[in-house]
Amino acid sequence: MEIRKVLYATNLKEPTYNLFEGLLDIKKIGLEEIVLLSGSLPAELRERFSNHEINIREVEGSGPLVSKILDSAKREDVSLIVVNLRREKRRFIRGSNARNMAKNTSLPLLLIEENSNPKKGIFDSVVLATDWSAVARRALNYTIGLKEVIGVLDIVNVLNEKPTIRDIRQLKERIEEIRKICLKKKIDAESHIYAGKTPEEILLAAKDYNATLIVMGTGSKSTVRELFLGSASYRVAEKAPVPVLIIP
């Protein structure tokens, strides 16, 4: 997999651009250009990316935030949308903006909270949430495509109901199968089973394993099983102290 062009957008008046340091790793999988939507990069940071042969270009957009981002992403033919968010009153994630953006784009969406300032690279320690659904499989496949930039991967499944011993045994086998797939792709992976409310347990796992990124799948036409990673992805993005990558 290659990510050649990234669209970066923000609803911050004074973005710090700290997250750009983490995006440098994507150079390993083909990053050539970052398109800034209605923004301007500091000269020293622009020079650093230039030294890595990554072009920085600014474009203008108009209209509401979501439409502006999605229209620009389509026009620029990008591989990944990165949005730096302000969580003021939690309206962006809980309201219709993030939901509409995720439902109306076929592109991966990296959501980063305004105060997020990871000490490590974004892809150094990744938590991947799974529930065996189609959207979770897409998230897995996308994560495997990032193998050249991922440091360690912790695969997490959350139980919402009290399981039987047989259920636990089957779950362990299934999540271990995913781990083996990742190991074959030369990704340093571990598997874990948590129990409780999905968003809270994913956030707990991220804390337990010092995650620098959470990856989840979502879809506009989710089945009942896929609801695990539907609304849960937004609740995780709302509270996560680290970036959240949502795969449609």
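Restricting to the range 29-53, count the residues that are touching a strand residue (DSSP E or B) at 6+ places or on another chain (Cβ under 9 Å) and charged (D, E, K, R).
Adding up the residues that qualify gives 3.
In the range 1-49, what residues are over 15 Å from Ala73 (Cα atoms), of a type in the set (D, E, K, R) and assigned to a loop (DSSP other than H, G, I, E, B)?
Glu2, Lys13, Glu14, Glu32
Pull up the range 149-177, narrow it to residues that are buried (at least 16 other Cβ atoms within 10 Å of the Cβ) and more than 20 Å from Asp208 (Cα to Cα), then point me to the one that is nearest to the chain's Cα centre (by Cα).
Among those residues, the one meeting the criterion is Val149.
Could you check the range 58-70 and list, in sequence order, the residues that are exposed (fewer than 14 other Cβ atoms within 10 Å of the Cβ) and not in a strand (DSSP E or B)?
If the condition is that a residue be exposed (fewer than 14 other Cβ atoms within 10 Å of the Cβ) and not in a strand (DSSP E or B), then Glu60, Ser62, Gly63, Pro64 are the ones that fit.
Determine whether Ile3 is buried (at least 20 other Cβ atoms within 10 Å of the Cβ), closer than 23 Å to Leu140 by Cα, in contact with a Ser or Thr (Cβ under 6 Å, 6 or more places away or on another chain) and among the hydrophobic types (A, V, I, L, M, F, W, C).
So Ile3 fits the description; yes.
Report whether or not Ser40 is among the hydroxyl-bearing types (Ser, Thr, Tyr) and surrounded by 14 or more Cβ atoms within 10 Å (Cβ to Cβ).
no
Taking the options Ala98, Ala102, name whichever one is under 20 Å from Ala232 (Cα atoms), modelled with pLDDT under 85 and touching a strand residue (DSSP E or B) at 6+ places or on another chain (Cβ under 6 Å). Don't jump to the end; show me each part of the working.
On the way: Ala98 fails: touching a strand residue (DSSP E or B) at 6+ places or on another chain (Cβ under 6 Å).
The match here is Ala102.
The values are calculated or read from the model by the stated rules, or taken from the named source; none is laboratory data. These numbers were taken from a predicted model, which means no experiment stands behind them. FYI the Cβ positions are ideal-geometry reconstructions off the backbone, even for glycines, and counts take in every protein chain you see.
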